[in-house]
Structures are given as structure tokens and as C-alpha cells.
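Notes follow once the structure below has been shown.
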Amino acid sequence: MFPLGFVLCFSTSAAVIDDYTQRGEQREWFLEAEQRIERRDFDRARELMLKLADYPLFPYLEAAFLEQNFSLANEPFVLEFLEEYQGTPAERQLRTAWLNFLVRRNDGARFLRDYRRQGSAHLQCYYLRERYRSLRRADPSESTDAEFAELWNDVTEQWMHGRSLPSACDPVFLAWSNAGHRTDDVVWQRIKLALEARQTGLARYLARFMDDDTRYLADLMRRVNTSPSVVRRFQEFPGADPREREIILYGLGRLRWNNHDALVSVWEHFKDKYPFSEQERAQMESDIAVTLALRGDDRALGYFQRLDPAYMTDTARQWYLTARLATQNYGAIAAFIDRLPEDIAERGQWLYWRARAQAELGNFDDAMETMERTAQQRNYYGFLASARLSLIPELSHDEPEFSPDALEQLAQSPAAQRAYELRQMERFLDARREWNLVRQDLGEDEQVLAAILASEWGWHDQAIFGFAQSGSLNDVHRRFPLGYSELLQEQAAQASIDPAWVFAITRRESSFQPDAVSPAGARGLMQVMPATADYLLRNSPGPTSRIPTQTRLFNPEENVRLGTQYLADLLRRTDNNWLLATAAYNAGIYRMQEWLPSESVPADLWIEMIPFQETRDYVKAVLAYQQIYTMLLGKDANVLAPLIRMQINGTNRG
């Protein structure tokens, strides 16, 4: 074994390499060094690390090397690393490993010294336990009431968890409870957290800690969680405790999706029996109105009319519009929009529908003036207004000014260099962690600079997110990059579909992030579901692959090939209606077909009345993006023009 410092002493003399072409060989050495450290081949690892002292990812090797050589003899090197790279992903990873090492040694003093807030519940519990022991061991005159008060607050925060906690917490939880901090209300709050996390066993266990006269609340909440219809048993709510109000609201929130008639009757029974706040009343009546509108229930309008448009949620306003569009009551739509606050009424959606309503009411001059104002906006409604006016939309592209020297300085920062290298190795998650470190302390102008740098590096998803978060929205070329341009255009041609449509879908689905994974399990650039991929692969010629479908979908070529095939398939199944195919790409073709009306409605009405907010927003976004990409690809055409004449009905099922 060689002295550890023989390697580590080189880390502080690293110089930034400006020429990225020199990095290829270093990347190979880095990957080999990682493997050698993992295999504990430290002699070869040392040789490689000596070659990599000026490589941006050297700290990752240092951290891995130290982790494999934890001992008190090497403690100075560990502490030096933690200090030098404080706040970096490598430091956080090494600190967590070091803390676990100290736990195994039962070294509470060092643990307290080196602890920083962790995501591990076990380490959090060990920390609280050691703090408590330290205060107990200290001279009483030195252990102030303030220190104990701070500890108990932290213990309360830890205890308020929806799941069971490690046994390391038990000693300090017991002391906290004996000190009188496990109050009835604290227990009640945790019971609600447990039920939200579907931990009914934990909720049942916690109920024993409630006071005798309030324990019924825990039982009632648990039964409402199991069966929301329990709120219909009015005798179960004696009015003995104000927290019954919370149970009622919770139950109604769940009841609304499976029994809207019961939702109405229960609310009408309870609304004057309990002291609901004005906000709670407005939220519940808004929820009822939306639920009834979603179900096509005529009572929805009555509930909507109880609400002041100025205080409606965006969801409630959307569903009021949907309810009025269902009967094409343009007079009510115009009157509603006139009652909106000015800042809301000037949004594209309300300008467009005000213009549409005024036109239907015969107020053509007013309609034309409002439609022209709408057309000035760069969004779905602005492009739709342009189509109605037979105008080519204006993209209003405006690049922000920046200092090339400042851009280069940011590019050469250690965290940016590490992010760049990790992305070159397709370690996208680690690269994003480093990039978050780059951005976390930047001012507004510097955030724009970081977005520009990401764009210059071809890191499209981070450029898109950066511009969105900074509020700098007029750099259209960087916000709507032609990422993977050759691949997307080639596969669009193969599938005989509009390349701008493919760019728009990809921009909306993943922002050109090749390793994107949705909560539903969709993967890759075009967010293809594994089941959809399997369906397409079964019907495609060619040899089978032993690589799992989930893995294949992270390959951009494979993903885009399958995504464009699926779009072409949806076009075929919707009689070449690209609007319906877009909705089906998000929601599935069978669900989309359920939304088709029996009688024809204009396409813009149908889009506005799509019952799933995710799909409704998705369709609007893709149509707007398709218009932008059409123009970025060199065509001055209004993509949304066909929607002006398009009628949607059940014959579009395909």
C-alpha cells in the first residue's frame, strides 16, 4: 500500500484544459481508473490518477479512492476533501459514505462534527440521537434551554413523517415525548401524513397516542380514507371537534371522483354546520362546479355563478368556458370575460374567445380588433388568431446581449467543466447535478448566460429550462432548438410525416433530453412507452434484439424511429387527422376517441373541451411548437389554418 497523500497532493494543482480535443484520452483513463478503484487495484489506479490531476472529474476519483480507504489514519484527507469541494455532488456522496463509516464505528463525536443535512432518514435519526446524548452529557449549566428547544423542534420535524422511521430515532423520540412534545395535534398531523402515504397500519398505530376524547377523529379519518362515502353518514360527525371539518373536506375531495351527486348533497348538508373559511368554501364550490362540468351535469353553471371570476382558479375558469362552449352560449362567454381582471383578460386564451364570442354575436369590429391583438402573442391562441386573419405569425425573435468573456469564464468554472465532461460520457443525471451547482448562485442575467452556454454546448434541455426559469423568453432559436436535426428529419421523411410536427412533439415530450423518463414510464426523446415500442417492434421487419425495450428507448436513433412510426400509425388510424393524432399520442387513441362528439363541433371548440387538462395543454403546446418549427425550418406557412375549417365528430374515429 502506498501513502494516500501521494495521489491526493496533486489535486490542488490542476489547471483548466481549454482544448476539449485533448480530453478523449483522459476520459478513457478516467473510466479505467474508476474500474481499478472499484476492484481495489490501487497501484494501477494511482498511475492513472497521476495522469489525471488536471482533469475536471478528478474529484470523483479522489472521492472514490477515499471511500475505499476509510480509516482514522486517512481522516485528514477526508476532511480536506470535504472542505475543498463543499457543496459539490462528489462531496455530498463522500460525506454520506463517511458518516455511515462513523455510524458503524459508533463514533458520535466525529459524526456530530461532520454531519450536514442528509436525505437518509437513518443518518438524520442518528444525528438527532447524538445531539440529545451530547446535551445530556454536557454540564447542565452549558446545556441551555434554547439548545434543547431547538433540538425538540428538529425532532418534531423528523417525527412528522408519513412512514415508519428507523429504530435509531427511538431513544430521542422517547425523550421528546416525555418532554411533552408529542401533543394531540402533532399526532393528528402525522396520522394525516400516514394516510396520504397509504400507510394505514402506521395511522392505526398512531391513533393510540391521541387523547381519549379525540381518538374517534383518527378512526373516522381512517375509515373515510378507506371509503369516502362514510362522509354521507351524517351521524358520524357530532360536531365535537373542529377537526371534523378537515375530515369532511378530505372525504369530499375523494368522493368527487366517484359520486358527484353525493358530493353535492354532502356539501349542502355540512356547509353551514361547520366554520369553513371563505377560502375553503370557495375552493369546495369551485371543485364541485368543475366536477359537475366534467360530468356534463347542468348544475355546474349554478355553482359557477356563485363564484367571482376574479377569484376563480384557472381550472375553474377553464371549465366554466368549457360548459358554455358545450352549448355555444357566446353571450355568457363574452359577459364572463368582461368580468375578469384586466391582467387575466389580456391572456391569449381570453382574448381569443372574446373575439370569437363577439364575432358570433355579430360585433365584427370589436371581434376584429380583439383578434388582431391576440395575433400579436407568440402562443397557440396568437397563432390561431393569425390563421383566422390569414396572417403569417410573427416569432418576435430577440437574442439577449451577453459578454463573450463572461460566457467563457462561466464555461471554464470547475462545476461547468465537470458537467461538460459528465455529459460527454452520457452520465446525464450526474451532469445535471453539476449543472444545478453552476446555476444555484447565479443572478438573473447570469442565469440567461448559463442558458446560452448550455445551448452553445448542444445541451438543449438545460437551455430550454434555463430560459424558462429566467423569464427570458424571446430567444426563440435557443428556446426551440433543432436538436437531433438530421435524425428527426430523416425519420420524419421515412414515416412520411411533417418534420416540424416531430420537432414539436419531441420539444414538448422531453425538451430533447435523451434519458427522460415520465412518471408513467415513457422514455427517451419522444417519450415512447415500452408497451407501445413492443407493439411497433412486433409489427416491424428486422432481426430481434436481446437488449431490453426500456434500454433501447434511451438510444436516440431507436427512440425517434419508433416515435415517428407511432405518429404515422396514429395518422392512419385517425384518417390523416393530425390534430386527433396529436391528442392520441398523449392520451392514447381509445381515450381520444371517447372524447369525439356525436355532432360536429369546430376544431377550436373541441380542443378547448378536451376533458383531460394534461392532453388539452399538450395539444395546444404541440400545435404552437409546430408553427414555430415550421418557420424555423424555412417555411412561411400558417400550420393552424386547417383548424379554422375543421369539424370534429364521431366519424373521425378511423
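The numbers here are math on the coordinates, done by the rules we state, and not lab data. Quick caveat: nothing in here was measured; it's all calculated off a predicted structure. Glycine also receives a Cβ, built like all others from the backbone with ideal geometry; neighbour counts cover every protein chain displayed.
What GluC sites (Glu not before Pro) in the range 412-453 are in a loop by DSSP, with at most 15 other Cβ atoms within 10 Å of the Cβ?
Working: sites: 421, 426, 434, 444, 446; in loops: 426.
In loop regions of the range 412-453 (DSSP not H, G, I, E or B), the sparsely surrounded GluC sites (Glu not before Pro) are 426.
Sort 186, 502 so that the residue with the fewest other Cβ atoms within 10 Å of its own Cβ comes first and the one with the most comes last.
Numbers: 186 16, 502 26.
By the 10 Å Cβ count, ascending: 186, 502.
If R₀ is 45 angstrom, what is the calculated FRET efficiency for the pair residue 391 and residue 25, using the beta carbon separation as r and rounding to 0.05?
My answer for the efficiency is 0.20.
Fewest first, what order do 386, 540, 455 take by the number of other Cβ atoms within 10 Å?
Fewest-to-most Cβ neighbours within 10 Å comes out as 540, 455, 386.
Output the relative contact order of the chain, whole-number percent, from Cα pairs under 8 angstrom with separation of 6+ residues.
7
Which of the peptides 389-397, 122-130 is most tightly packed, and how do the rest follow, judged by the mean count of other Cβ atoms within 10 Å per residue?
Answer by packing, highest mean first, reads 122-130, 389-397.
Return 271, 192 ranked ascending by Cβ neighbour count within 10 Å, so the fewest neighbours appear first. Present the calculation step by step, with values, prior to reporting the outcome.
Details: 271 14, 192 20.
Taking fewest neighbouring Cβ atoms as first place, the list is 271, 192.
On a full-extension model of 0.36 nm per residue, what is the gain between residue 211 and residue 186, subtracting their alpha-carbon distance, rounded to one decimal in nm?
Here the answer is 7.8 nm.
Please state the relative contact order of the range 138-240 as a whole percent: Cα pairs under 8 Å, 6+ residues apart?
This gives 21 percent for the range 138-240.
What FRET efficiency would be calculated for the residue pair residue 405, residue 156, taking the C-beta separation as r and a Förster radius of 51 Å, to the nearest 0.05? Walk me through the intermediate numbers first.
Numbers: r = 50 Å, r/R0 = 0.99.
Once rounded, the FRET efficiency stands at 0.50.
Please state the equivalent ellipsoid semi-axes for the range 52-144: what are the square roots of 5 times the Cα gyration tensor eigenvalues, largest first, in whole Å? Show your work: numbers first, answer last.
Values: eigenvalues 165, 32, 29 Å².
Result for the range 52-144: semi-axes of 29, 13, 12 Å.
Would you work out the charge dipole size for the chain about its Cα centre, treating the Cβ of every Lys and Arg as +1 and the Cβ of every Asp and Glu as -1, and quote it to the nearest 20 debye?
The calculation lands at about 2640 debye.
For the chain, what is the calculated [θ] at 222 nm in deg cm²/dmol (nearest 500), taking -39500 (n - 2.57) for each run of four or more DSSP H residues and dividing by its residue count? Numbers along the way, then the final one.
On the way: 39 runs with 412 residues, N = 654.
Using -39500 (n - 2.57) per qualifying helix, the result is -19000 deg cm²/dmol.
Per the Debye formula with a single identical scatterer at each Cα and no solvent contribution, what log10 I(q)/I(0) holds for the chain at q = 0.07 Å⁻¹?
Log10 of I(q)/I(0), two decimals: -0.68.
Ignoring solvent entirely, what values of log10 I(q)/I(0) come out of the Debye formula for the range 130-178 at 0.16, 0.21, 0.30 Å⁻¹ when each Cα is a single scatterer?
Result of the Debye calculation: -0.46, -0.74, -1.26.
Can you give the local net charge around residue 392? Use residues other than it whose beta-carbon is closer than 11 angstrom to its beta-carbon, Lys and Arg +1, Asp and Glu -1.
Details: positive: 635; negative: 394, 636.
Its environment carries a net charge of -1.
With a sphere of radius 14 Å drawn around the Cβ of residue 153, what net charge do the other residues whose Cβ falls strictly inside it have (Lys, Arg +1; Asp, Glu -1)?
Counting the neighbours of residue 153, the net charge comes to -3.
Please give me the summed charge of the neighbours of residue 227: other residues whose Cβ is under 14 Å from its Cβ, Lys and Arg +1, Asp and Glu -1.
That works out to +3.
Note the direction-averaged projected area, equal to a quarter of the hull surface, for the Cα convex hull of the range 352-423, in nm².
Across all orientations, the range 352-423 yields a mean hull projection of 7.7 nm².
For the ranges 313-319, 358-364, what's the packing order if you count other beta-carbon atoms within 10 Å of each residue, average per peptide, and put the highest first?
The most tightly packed comes first, giving 313-319, 358-364.
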